There are 4 protein chains.
Amino acid sequence: MTERSSPAYPPGQRSALCLTFDLDAHTMWTSKDPGNAARPAVLSSGDYDLGQGLDLVLGLLTEHGIRTTFFVPSDVAVDAPGAIGKIVAEGHEIAMHGTDHNPLPDRSRPAEAALLRTVKDTLEQVSGTPVRGYRAPLYDVTEHTRDILAEIGCTFSSNFMDAVHPYVVRGEHGPIAEIPTHWALDDGPHLLFANNPPNYRQFLANDQIARIWTDELRAIHALGGVTTMVLHPQLVGRPSRVALPARLIETAEELGEVWLPTMGELAAHLLDQEVT
Amino acid sequence: MTERSSPAYPPGQRSALCLTFDLDAHTMWTSKDPGNAARPAVLSSGDYDLGQGLDLVLGLLTEHGIRTTFFVPSDVAVDAPGAIGKIVAEGHEIAMHGTDHNPLPDRSRPAEAALLRTVKDTLEQVSGTPVRGYRAPLYDVTEHTRDILAEIGCTFSSNFMDAVHPYVVRGEHGPIAEIPTHWALDDGPHLLFANNPPNYRQFLANDQIARIWTDELRAIHALGGVTTMVLHPQLVGRPSRVALPARLIETAEELGEVWLPTMGELAAHLLDQEVT
Amino acid sequence: MTERSSPAYPPGQRSALCLTFDLDAHTMWTSKDPGNAARPAVLSSGDYDLGQGLDLVLGLLTEHGIRTTFFVPSDVAVDAPGAIGKIVAEGHEIAMHGTDHNPLPDRSRPAEAALLRTVKDTLEQVSGTPVRGYRAPLYDVTEHTRDILAEIGCTFSSNFMDAVHPYVVRGEHGPIAEIPTHWALDDGPHLLFANNPPNYRQFLANDQIARIWTDELRAIHALGGVTTMVLHPQLVGRPSRVALPARLIETAEELGEVWLPTMGELAAHLLDQEVT
Amino acid sequence: MTERSSPAYPPGQRSALCLTFDLDAHTMWTSKDPGNAARPAVLSSGDYDLGQGLDLVLGLLTEHGIRTTFFVPSDVAVDAPGAIGKIVAEGHEIAMHGTDHNPLPDRSRPAEAALLRTVKDTLEQVSGTPVRGYRAPLYDVTEHTRDILAEIGCTFSSNFMDAVHPYVVRGEHGPIAEIPTHWALDDGPHLLFANNPPNYRQFLANDQIARIWTDELRAIHALGGVTTMVLHPQLVGRPSRVALPARLIETAEELGEVWLPTMGELAAHLLDQEVT
């Protein structure tokens, strides 16, 4: 999978901003430590994810007329179809994020392909929408992942940290768009806290975090790349933290010529260019 | 325990601010490592908790006419009845915080119920006041905790991170008010330091921490929720750090319509609404 | 050892500031991991301690006419008598800091007493000055430490974090002054870095650290306490970091009525008051 | 190797600034955990190192007419000769950084000498340029390293943290220049992030990091020393982070009399003075 091409955005757009969300709910905690299943207060952050956090995040997106992509573990979709319904009703896209936020139990190609097929089917059934892309829990893909995605009818992966421009790779089963990101654009390193290593850390005030994110958005915009935010309603959806994606939206408006597509839309645009 | 209702505050109040304290004293350190019992300098922070730290915190509260809730491990109450007396004399409420700040030794319902009954009795004997609520050490509740609290005559739990509004849950033994909080509103993540992982970390200056707390207070106020601060005299009671709760009080005064009740008062108000 | 008394400072002084230094040199690293003895680049920070770092620190103190206390592991004194000579020549006091910065190999009273006697003798021989006080490596004292100090003719300990006022404790062998400190006033939590947990952390800019220290100095001054800084030439003696103790000195000058004694002088003053 | 001398810089220069880079690519990750070899998203940061990151860094250096030194593991040079070619084409110097960023497999003098000879040969073959210096992965040198460097025809080491002035040591096989550095001048402590301890940490905004670096540059300049930056294209080469070395260059221009040589040039100057 070595063939790559540099895409252009639609006319009038210089860069892209993907404000995506991972809706991990309880799986954020059970995948860190199975013992958390018996710790209601730890799990309660996952309830915030599906409740107040999701409401604040959806409110922000709707206020600005933004449709984006939500990556959802299939177990979360099955357990909380109402949350998926709310997301879909606002026009957002549902994409894959594994089953239960755990690493792949079997990293062979057949096992990974079977798992991704099942996840895709489940998400499509719960959401009633087509599912076209994947972010692996903790970005832990294999060498097979992108070709499997092409094989099962997907158009995008958002897992790599090798570039600031989205690009197309072509494997045995066809092309797939990679929409790269970086840990600094994930709200986990900034806002995730747990009462044990490595997540027992300080919190920083919004100004520090917003500065990191808007600096990166400005610099990626100057390069014509894609700023892929990886956000979580249980983190950036805290009452005072929802101001952080709001600042990115403001900065994008100031910059102008920033396209805010769903990942499916960005991938479709890239793949269209690929063909012609 | 799935029934919930959204409460209103007393007339003229838009949100609540609970500036609660956990008085862990030596148990903060012996529960981290039993070996600390033989480390007088480590334990000495617990002496600060009961001495200078408590004095500075009580002084601040009295200066502003605030009565609040102190969560106290029963071992601390037994060892330091004088500190409990000082707290009660200023009109504050005493609530449960386990025996020795260790996790529950037995998570079965009968064992937890027996433990909480004993803790309640001990605190009531030492303090001479009724005890009505519970914060588990490290928020580590079980699925039984809130129903046990109702059973033994309590009115509130302050352990969950699922919401910004206080709410009532109703189990087999009656209703209980949950007054939710969040790690970012606990002074531990900001100010706790120990000479080993995960607590060997940087300290941040007051401006960073105050900004996080007042941003969250303002945002929760706008939502009509409760800002539950979880503070420790040995952390936020350091001479320069007592300015942090002072800033929250100033911000609440600026905002106006912020109710600063004891947790018992907030719970009583919620449960009254429940009945009518 | 429960008897305590609150001291007053000399006429015209409202609080005290002890800008003390621990000169750990290589022992900072060999006590963390004996394997560091074979890692010249790790040890080289200890050479900075005895060389450029010490020069910058001594230069600052001399510039401001401040004499203070240097705590030195006896192995460091034996290995680097020249550094001790430089310190003593500037009028500073030498005090005990264990042998090799390791925890006590035997925590029994006789073993600890024998060790402290040997350390005292060694330091007195190398420095040619009387040795009167002790800070345990990592503040790790025992229940016997302060009484042993009284027994062997010392006047002060600087290990506890229980108070902001210096105080006198009286054991079987006589009185000893405790000059308390706090982790936030140690430059280790702010500036120590090593390539493994828990010391792999961010560095913060001077403004953040200076703010924490001067806030605490101002607040302790208001309470009439002692601000005990625990500094290391290999940390705060980096070229840009020596500005940090400089800021404390400036703040003390602004405040006025801040006494900057050696710990021996402070202890003598406290013990004199004790007797009368 | 105890003989040392204090160097002067060329006429008109008061201090030196070495903006060096370590081009670790995939070896940054495989040396942390061999399992990372099967984690494409983790490795992808190494692709950024060789691609976008290197381009941004080379662009900055060219824009300011700066030639500097790139330390490259020999495995990286063999795998990515194109990247080495780009670096050399811009006039930069290639220096040694081990084979695969792992610690020395055998710390005996003959084994280390054999390894360094092979690394030197490999780098010279790939780059077509003479190789004259060494930075050990994680600065992990042995007591033999500098004498081996002299023996195999090198002129400099950049591993120690004992001084702010470059100096010459003379072993059995001749003189070698040490160009010292410090962890705070390495971008790893500020910008390296991995999803496990000890590298799961907060990111800080550019202002904090730039302040630390420019404060140190100003203070070392005042002392007439060398500010040795240890940078990584995959860290400081992120779109918004390349502003950090840019700020150092601006500060050096403001200060004036700051020499920005390659390490080979600085070493040659030092060794020339040594002889005369």
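Data overview
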{"item": "Check on B:D215, within 13 Å of chain A (Cβ to nearest Cβ) and open to solvent by 10 Å² or more (accessible area, probe 1.4 Å)", "result": "yes"}
{"item": "Meets criteria (of a type outside the set (D, E, K, R) and in contact with an Asp or Glu (Cβ under 8 Å, 6 or more places away or on another chain)) for B:G82", "result": "no"}
{"item": "Residue pairs meeting the criteria (Cβ under 7 Å; at least 6 apart or on separate chains; first within 9 Å of chain B (Cβ to nearest Cβ) and over 16 Å from C:V230 (Cα atoms), in region C:190-203; second surrounded by fewer than 18 Cβ atoms within 10 Å (Cβ to Cβ) and polar (S, T, N, Q))", "result": "C:P198/B:N196"}
{"item": "Boolean, D:T118 is of a type in the set (S, T, Y), in contact (Cβ under 8 Å) with a residue 40 or more places away in the chain and touching a Gly at 6+ places or on another chain (Cβ under 9 Å)", "result": "no"}
{"item": "Scan of region A:125-138 for residues that are of a type in the set (V, I, T) and either over 23 Å from A:V78 (Cβ atoms) or without any contact (Cβ under 8 Å) to a residue 40 or more places away in the chain (or both), ordered by number", "result": "A:V131"}
{"item": "Subset of region B:139-163 that is touching a residue at least 60 places away in the same chain (Cβ under 8 Å) and either part of a loop (DSSP other than H, G, I, E, B) or closer than 13 Å to B:A95 by Cα (or both) - its residue that is nearest to the other protein chains (Cβ to nearest Cβ)", "result": "B:A163"}
{"item": "Matching residues in region D:102-138 - criterion: being in a loop (DSSP other than H, G, I, E, B), within 14 Å of another protein chain (Cβ to nearest Cβ) and surrounded by 22 or more Cβ atoms within 10 Å (Cβ to Cβ)", "result": "D:R135, D:A136"}
{"item": "Pairs, first over 15 Å from C:F193 (Cα atoms) and more than 9 Å from every other protein chain (Cβ to nearest Cβ) in region C:30-49, second part of a helix (DSSP H, G or I) and of a type in the set (F, W, Y), C-beta under 9 Å, six or more apart", "result": "C:A37/C:W29"}
{"item": "Failed item in (1) open to solvent by 10 Å² or more (accessible area, probe 1.4 Å); (2) within 16 Å of D:L56 (Cβ to Cβ), with D:P233 passing the rest", "result": "(1)"}
{"item": "Unmet criterion (only one of (1) more than 18 Å from B:H101 (Cα to Cα); (2) within 11 Å of chain C (Cβ to nearest Cβ)) for B:A16", "result": "(2)"}
{"item": "Residues (open to solvent by 10 Å² or more (accessible area, probe 1.4 Å) and hydrophobic (A, V, I, L, M, F, W, C)) located in region A:162-183", "result": "A:A163, A:W183"}
{"item": "Unmet criterion (only one of (1) closer than 18 Å to D:R135 by Cα; (2) at pLDDT 95 or above; (3) not hydroxyl-bearing (S, T, Y)) for D:P103", "result": "(2)"}
{"item": "Residue list for region B:164-173, restricted to those being within 13 Å of chain A (Cβ to nearest Cβ) and either among the aliphatic types (A, V, I, L, M) or part of a helix (DSSP H, G or I) (or both)", "result": "B:V164, B:V169"}
{"item": "Residue in region A:63-77 that is nearest to A:A252 (Cα to Cα), counting only those that are buried (at least 24 other Cβ atoms within 10 Å of the Cβ) and of a type in the set (V, I, T)", "result": "A:T68"}
{"item": "Boolean, A:I176 is within 14 Å of chain D (Cβ to nearest Cβ), among the β-branched types (V, I, T) and part of a helix (DSSP H, G or I)", "result": "no"}
{"item": "Failed item in (1) hydrophobic (A, V, I, L, M, F, W, C); (2) buried (at least 22 other Cβ atoms within 10 Å of the Cβ); (3) within 14 Å of chain A (Cβ to nearest Cβ), with D:L60 passing the rest", "result": "(2)"}
{"item": "Candidate set from region B:218-227 (those that are facing chain A (nearest Cβ under 8 Å) and not β-branched (V, I, T)); member that is most open to solvent (accessible area, probe 1.4 Å)", "result": "B:R218"}
{"item": "Test for C:A210: is it more than 7 Å from every other protein chain (Cβ to nearest Cβ) and in contact with a Pro (Cβ under 8 Å, 6 or more places away or on another chain)", "result": "no"}
{"item": "Pairs where the first residue, in region D:228-246, is more than 11 Å from chain A (Cβ to nearest Cβ) and the second is among the basic types (K, R), C-beta under 9 Å, 6+ apart", "result": "D:V230/D:R135"}
{"item": "Test result for C:A184, assigned to a loop (DSSP other than H, G, I, E, B), at negative phi and touching a residue at least 24 places away in the same chain (Cβ under 8 Å)", "result": "no"}
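Residue by residue, here is whether (1) closer than 30 Å to C:P189 by Cα; (2) acidic (D, E); (3) within 19 Å of the chain's Cα centre (by Cα) holds:
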| site | (1), (2), (3) |
| --- | --- |
| B:R132 | no, no, yes |
| B:E143 | no, yes, no |
| B:R146 | no, no, yes |
| B:I176 | no, no, yes |
| B:A194 | yes, no, no |
| B:R201 | yes, no, no |
| B:N206 | yes, no, no |
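For (1) within 18 Å of C:G237 (Cα to Cα); (2) of a type outside the set (G, A, S), each residue gets a yes or a no:
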{"residue": "C:G12", "(1), (2)": "no, no"}
{"residue": "C:D22", "(1), (2)": "yes, yes"}
{"residue": "C:A25", "(1), (2)": "yes, no"}
{"residue": "C:A37", "(1), (2)": "no, no"}
{"residue": "C:P40", "(1), (2)": "no, yes"}
{"residue": "C:G46", "(1), (2)": "yes, no"}
{"residue": "C:F71", "(1), (2)": "yes, yes"}
{"residue": "C:E90", "(1), (2)": "yes, yes"}
{"residue": "C:E93", "(1), (2)": "no, yes"}
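The values are calculated or read from the model by the stated rules, or taken from the named source; none is laboratory data. Keep in mind the model is a prediction, meaning the values are calculated, not measured. Here the Cβ is made from the backbone with ideal geometry for all residues, glycine too, and neighbour counts use every protein chain on show. These accessible areas exclude ligands, DNA and RNA; they are computed on the full protein's heavy atoms, side chains included. Shrake-Rupley method; radii C 1.70, N 1.55, O 1.52, S 1.80 Å.
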